[in-house]
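Working notes for the structure below.
Only the coordinates and a few stated rules stand behind these numbers; no lab work does. Since we're looking at a predicted model, the values are computed, not measured. Backbone-built Cβ (ideal geometry, glycine too); neighbour counts: all protein chains shown.
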Amino acid sequence: MKNKKRILLKLTGRVLSATNNQGLSAQAFENLIPQIKELKDTYTFGIVVGGGNILRGDEQGAKLGLSPSVGHQAGMLATIINGLILKDLFDKHNLETTLFSSIVCPQICTPLSQIGINHSLKNESIIIFAGGTGAPFFTTDTNAIVRALQMGATDVWKGTGVDGIYSDDPKKNKKAKQIKKVKYCDAISQKLGIMDTASLTLAQKHGITIKVFNIFEQNALIKADKNQDFGSLIY
């Protein structure tokens, strides 16, 4: 099926976390694979996965006493580990997948290039983007918007551990209210925290729509496709 809509799926690294947050587990992600199979005739997916299940560069790097840039570099390497795991899981389910990395490690990943992205899109391959932007101090949210632009996607689906955007952190403030729709400028001015300012500004400039939802909810990807009210929307 040609001319399929292109979606950049931004996944929290927790999709590869054990339920007790001790070590790695692919169970949550394996629950997503049948959904991706169901949707692949409609969408071409690019995937950016975080590395927070292994190491968060800004938080844990600081706790370890690392230089900020080194902490971020370690976090980017964590996304390569997750990307390699995801590709292998896709391969085992006979899903054509290309793993690109902005950090050159040819023994593991294909070096990121626009030519390579275009070739993978032509072959309708699922694309996994690892290694962040290749530069420290940029979040995986910003990386997701950049990669969405490179693959020509107008929509980003951000799969998180909460069921949308809230006025405050719902885990800390029980009175926080869910916001179903919010404009870029309001998300920035209200400092809602669901994505960093750089990513929102870039998405606004290029007209990318962002859907935020709980990736751990049953059939989350199917609901993101079928139900306009599922999760929250930044536009």
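Which value in deg cm²/dmol, rounded to the nearest 500, describes the helix-derived mean residue ellipticity at 222 nm for the chain, given -39,500 (n - 2.57) per DSSP H run of n ≥ 4 and division by the residue count?
Using -39500 (n - 2.57) per qualifying helix, the result is -11000 deg cm²/dmol.
Which of the aspartates and glutamates could be linked to residue 205 by a straight reach, that is with a Cα gap under 14 Å, when you skip same-chain ones fewer than 8 residues away?
Answer for residue 205, where 14 Å is the Cα cut-off: 155, listed by chain and number.
Any chance you could list the semi-axes, whole Å, largest first, of the equivalent ellipsoid that the Cα gyration tensor gives for segment 5-234, using √(5λ)?
Details: eigenvalues 116, 94, 67 Å².
Calculated on Cα positions only, the semi-axes equal 24, 22, 18 Å.
Normalised by the empirical 2.2 N^0.38 Å for globular proteins, what value does the Cα Rg of segment 92-194 take?
Values: Rg = 17.1 Å, N = 103, 2.2 N^0.38 = 12.8 Å.
Relative to the 2.2 N^0.38 Å estimate, segment 92-194 comes out at 1.33.
Under a point spin-label approximation (7 Å from Cα along Cα-to-Cβ), what is the residue 222-residue 113 distance to one decimal in nm?
Simple spin-label model gives 4.0 nm for this pair.
With the cut-off at 19 Å, tell me which of the pairs 122/211; 172/211; 171/223; 10/223; 5/92 have Cα atoms farther apart than that.
Numbers: 122/211 25 Å; 172/211 23 Å; 171/223 23 Å; 10/223 16 Å; 5/92 25 Å.
The answer is 122/211; 172/211; 171/223; 5/92.
Loop-only check: which chymotrypsin sites (Phe, Trp or Tyr not before Pro) in segment 113-179 are DSSP coil with at most 14 other Cβ within 10 angstrom?
Those that pass, being in a loop and sparsely packed, are 137.
If packing is taken as the mean number of other Cβ atoms within 10 Å per residue, what is the order of 8-19, 93-104, 56-67, highest first?
Put in order of decreasing packing, that is 8-19, 93-104, 56-67.
Please report the net charge: other residues with Cβ closer than 9 Å to the Cβ of residue 139, K and R +1, D and E -1. Please report the intermediate quantities before stating the final value.
Details: positive: none; negative: 58, 141, 196.
Once positives and negatives cancel, what remains is -3.
Are there trypsin sites (Lys or Arg not before Pro) in segment 184-220 that DSSP puts in a loop and that have at most 15 other Cβ atoms within 10 Å, and which ones?
On the way: sites: 191, 205, 211; in loops: 191.
Hits after loop and neighbour filter: 191.
Remind me, relative contact order of the chain in percent, using alpha carbon pairs under 8 angstrom and six or more residues apart?
Numbers: 440 pairs, mean separation 48.0, N = 235.
Once divided by the residue count of the chain, the mean separation gives 20 percent.
Compute the relative contact order of segment 100-180 as a whole-number percentage, counting only Cα pairs closer than 8 Å that sit 6 or more residues apart in sequence. Mind dumping the intermediate values first?
Values: 71 pairs, mean separation 15.8, N = 81.
Relative contact order here is 20 percent.
So, with +1 on the Cβ of K and R and -1 on the Cβ of D and E, and no other charges, what is the size of the charge dipole of the chain about its Cα centre, to the nearest 20 debye?
Values: 28 positive and 19 negative charges, 108 e Å.
So the magnitude is around 520 debye.
Which net charge results when you count Lys and Arg as +1 and Asp and Glu as -1 among the other residues whose beta-carbon is under 10 Å from that of residue 199?
Numbers: positive: 10, 158; negative: 141, 196.
Once positives and negatives cancel, what remains is 0.
GNM, the chain, Cα, under 10 Å: largest mean-square fluctuation among 162, 48, 212?
Highest fluctuation of the listed residues: 162.
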